[in-house]
Amino acid sequence: MMVLELTGPKEEFDKGIKYLNECGVKVEPIARSVRRIEEICIHCGACTAVCPTGALYIDRKTMEVIFDTEKCGGCELCVKACPPRAMEVSF
Ligand code: SF4
Ligand code: SF4
């Protein structure tokens, strides 16, 4: 398993991923591997202070902590910051 950070024009990015797939390499965005265990989360908000991409934020109306997986960059900072260990990374 290899973790890569890729940047560049979308066209080139897509070409690179296509090439890897053709070589039989399974490519998966790391963000998909970060998840929140809903039964454990107590919506304390600690993770929102460390999340650099804004994937974890407080809904001011409900005061619930929302996890927007599309914005997650996979940095794992929330995993250590979460007191009850509700954030988890699986590969
Ligand atoms: S730090 Fe953990 S318990 Fe607190 S809101 Fe974030 S995921 Fe939920
Ligand atoms: S892994 Fe990083 S980017 Fe993703 S939710 Fe946690 S702190 Fe935010």
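Only one of the numbered conditions (1) near ligand 2 (Cβ under 6 Å from one of its atoms); (2) assigned to a loop (DSSP other than H, G, I, E, B); (3) of a type outside the set (Gly, Ala, Ser) is violated by Cys78, and that is (2). Cβ-Cβ contacts under 7 Å between residues 6 or more apart (or on different chains), taken from a first residue in region 1-21 that is outside any helix (DSSP H, G or I) to a second residue that is of a type in the set (A, V, I, L, M, F, W, C), are listed as Met1/Phe91; Val3/Ile30; Leu6/Phe13.
When region 36-85 is filtered for residues that are in contact with a strand residue (DSSP E or B) (Cβ under 7 Å, 6 or more places away or on another chain), farther than 23 Å from Leu4 by Cβ, more than 9 Å from ligand 1 (Cβ to nearest atom) and aliphatic (A, V, I, L, M), only Ile66 remains. Considering each of Cys78, Cys82, Cys44, Cys72 in turn, give the residue that is over 13 Å from the mean Cα position of the chain (by Cα) and buried (at least 16 other Cβ atoms within 10 Å of the Cβ). One residue alone meets the criteria, Cys82. When region 7-41 is limited to residues that are at pLDDT below 90 and of a type in the set (Gly, Ala, Ser), the one that is surrounded by the most Cβ atoms within 10 Å (Cβ to Cβ) turns out to be Ala31. Pairing each residue of region 62-83 that is modelled with pLDDT under 95 with any residue that is in a strand (DSSP E or B), provided the two are 6+ apart or on different chains, yields C-beta distances under 7 Å for Cys72/Val34; Gly74/Val34; Glu76/Val89.
Scoring Ile58 on the criteria (1) part of a loop (DSSP other than H, G, I, E, B); (2) β-branched (Val, Ile, Thr); (3) touching a residue at least 12 places away in the same chain (Cβ under 8 Å) leaves a single failure, condition (1).
The values are calculated or read from the model by the stated rules, or taken from the named source; none is laboratory data. Keep in mind that this is a model prediction, so the values were computed, not measured. Cβ sites come from the backbone with ideal geometry, for glycine too, and all protein chains shown count toward neighbours.
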